[in-house]
1. Out of 391, 418, report the one residue that is within 20 Å of the chain's Cα centre (by Cα) and in the same structural domain as residue 464 (by TED's automatic domain parsing).
2. For region 409-455, how many residues meet the condition of being touching a residue at least 60 places away in the same chain (Cβ under 8 Å), farther than 23 Å from residue 288 by Cβ and either aliphatic (A, V, I, L, M) or part of a strand (DSSP E or B) (or both)?
3. What's the number of the condition residue 340 fails, among (1) of a type in the set (Asp, Glu); (2) modelled with pLDDT of 95 or more; (3) surrounded by fewer than 18 Cβ atoms within 10 Å (Cβ to Cβ); (4) assigned by TED's automatic domain parsing to the domain that holds residue 415?
4. Go through region 260-274 and give me each residue that's surrounded by fewer than 17 Cβ atoms within 10 Å (Cβ to Cβ) and assigned to a loop (DSSP other than H, G, I, E, B).
5. Does region 364-384 contain any residue that is among the charged types (D, E, K, R), free of Cβ contacts under 8 Å to residues at least 60 places away in the same chain and part of a helix (DSSP H, G or I)?
6. Modelled with pLDDT of 95 or more, in contact with a helix residue (DSSP H, G or I) (Cβ under 9 Å, 6 or more places away or on another chain) and among the basic types (Lys, Arg): is that true of residue 486 in this structure?
7. Can you tell which of 449, 474 is surrounded by 14 or more Cβ atoms within 10 Å (Cβ to Cβ), touching a Lys or Arg at 6+ places or on another chain (Cβ under 8 Å) and of a type in the set (S, T, N, Q)?
8. Answer yes or no as to whether residue 282 is within 15 Å of residue 394 (Cα to Cα) and under 22 Å from the mean Cα position of the chain (by Cα).
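The values are calculated or read from the model by the stated rules, or taken from the named source; none is laboratory data. Note that this is a predicted model, so its numbers are computed, not measured. Every residue, glycine among them, receives a Cβ derived from its backbone with ideal geometry; neighbour counts consider all protein chains shown.
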Amino acid sequence: MDQSPRHVFKLNRLDEANVRRLAEELAFLLRPGDIVTLSGDLGAGKTTFARALIRALARDPEHEVPSPTFTLLQTYRTERLDIAHFDLYRLSVPEELDELGFDHVLRTGAALIEWPERADGRLPGDILDVALVDAVPGVTSRDETDFAADVRDIVVTGLGRAAAKAERLESMHNLIEDAGFAGGTTTLTPLPGDASARNYARVVWEPGKPEIAESRLLMDSPRQSDGPNVRDGKPYSQIAKLAEDVVPFLAIATALRHAGLSAPEIDCVDIEQGFMLIEDLGDRDYRAALAAGRDQRSLWKDAVDALLVLREVRCDRGFEFYDGEHHALPELDRTILEIETELVPDWLWAAVHGTAPSVDERATYRAVWSPIIDEILDQPTGWMLRDYHSPNLILLDDREGVKRVGIIDFQDALQGPPAYDLVSLLQDARIDIPAGLEDELLAYYCTQSAAGDAAFDADRFRRTYALLGAQRASKILGIFTRLARRDNKTRYLAHMPRIWGYLERNLAHPALAGLARWYEEHFPPEVRECPL
């Protein structure tokens, strides 16, 4: 008896719009190596489903998707995923699959297959099958481009490793249903990704009139696997205390809103599967706002004001959220700071020097950082959101004061020195921050903090700011190199000169003289200008 995993669910009486929606939902979950087979008679809607899925991946509802009936194969390259669309109806013999490069397709992208039965057992066992049948037998349109008034029953079956994907697809579909999006047309469009393991899609519901359409963001953040151990028997994510499920996002979003800040409202959540339907704050992040001509000083001052509000909010006791659950922010510690700064010898060193650092060279680097880390950990602590910078700050023009600053991507927050988030903002990795503007807003933060706290020490804060700036810049130099070398995301290399510039600003502080000498010796200015 076959004991391989299997998950089956059925959706009844779907019209064409809802068939397309299911295809869009599946497109959102597809990853390289996935195989989706489409089963059903002629005219059942397989091509309609395939077109909707491919157009969702392309993020273009009008993208041309010709039927591969005669060519047997059409390939598409999208920002998120390459996909190959097979129509095996005219396949002469199953061996023709080899000539079509089927195995190569799975190494580089996903496969969408109509008439899979023609492959005669040559497909792998890890398949997600979508079977479309008439909801009313005998009332099938012969023209797949025209659903007419037909409705379909759909049976989704996940086999082997695809069983888990079928289960997640069912959970995601039900989550959107539970949000109350009924009686209209619901579309789902995947959004471009960044360097995160999380994925987002925009869900738009039109209840018959486009002018009253509603939108939400769907977050896909499944529980992360631990990954390989990198130190002391632990994976990187555990050492760096990165969020492993959606609970931290839920809890922190609630706390930020209670503090009077603009974090997304949560509509629906499936903690087990890692899905959330959240408030859509829009696409106008600070990068887009700058590109549209908004004043950088005004934007960044608003963001500093939001940090000043957060400075007054305690985080050491944890907070309640979602049906009385309790969440406590993890604390910044030495292992986090060490594993982040050591991304320089782990990745940047070999990229620049062509070989890994020796044991002695690594030891010297650690010795330089050791007293810096000691001093960082000796500072007063508060909120440390960790990723408080332009991609995660949304301009909300319809709100007032600090509420104009929409805040996202905060699930990895810690208890740590508040100066870290100010560094993230004023030394933005993706946007040039002029030194004069950085100095002005750093001084503003210190003045405002001192006005509300007689114990605030501006000199100590500025020193901590420089230490954390050097730590963060070193981390980012290593991360961007890793993204380019390991993940082939070479676009991040364009930001390296900016990061070097920020690092040099921080190294000018007398407290970092030893680290400045180390960088001067091993990464002199002429090396910093060389492409990796």
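1. Working: 418 fails: within 20 Å of the chain's Cα centre (by Cα).
So the residue among 391, 418 that is within 20 Å of the chain's Cα centre (by Cα) and in the same structural domain as residue 464 (by TED's automatic domain parsing) is 391.
2. 5
3. Among (1) of a type in the set (Asp, Glu); (2) modelled with pLDDT of 95 or more; (3) surrounded by fewer than 18 Cβ atoms within 10 Å (Cβ to Cβ); (4) assigned by TED's automatic domain parsing to the domain that holds residue 415, the lone unmet condition for residue 340 is (3).
4. Initial filter on region 260-274 (surrounded by fewer than 17 Cβ atoms within 10 Å (Cβ to Cβ)): 260, 265, 270-272.
Across region 260-274, the qualifying residues are 260, 265, 271, 272.
5. First pass over region 364-384, keeping only residues among the charged types (D, E, K, R): 366, 374-375, 378.
Imposing the further condition that a residue be free of Cβ contacts under 8 Å to residues at least 60 places away in the same chain reduces the set to 366, 374, 378.
Applying the additional criterion that residues be part of a helix (DSSP H, G or I) yields 366, 374.
Scanning region 364-384 turns up at least one residue that is among the charged types (D, E, K, R), free of Cβ contacts under 8 Å to residues at least 60 places away in the same chain and part of a helix (DSSP H, G or I).
6. On the way: modelled with pLDDT of 95 or more: no; in contact with a helix residue (DSSP H, G or I) (Cβ under 9 Å, 6 or more places away or on another chain): yes; among the basic types (Lys, Arg): yes.
When the stated conditions are applied, residue 486 does not pass them.
7. Details: 474 fails: touching a Lys or Arg at 6+ places or on another chain (Cβ under 8 Å).
None of the others qualify; the one that does is 449.
8. Values: within 15 Å of residue 394 (Cα to Cα): yes; under 22 Å from the mean Cα position of the chain (by Cα): yes.
Judged against the criteria, residue 282 is a match.
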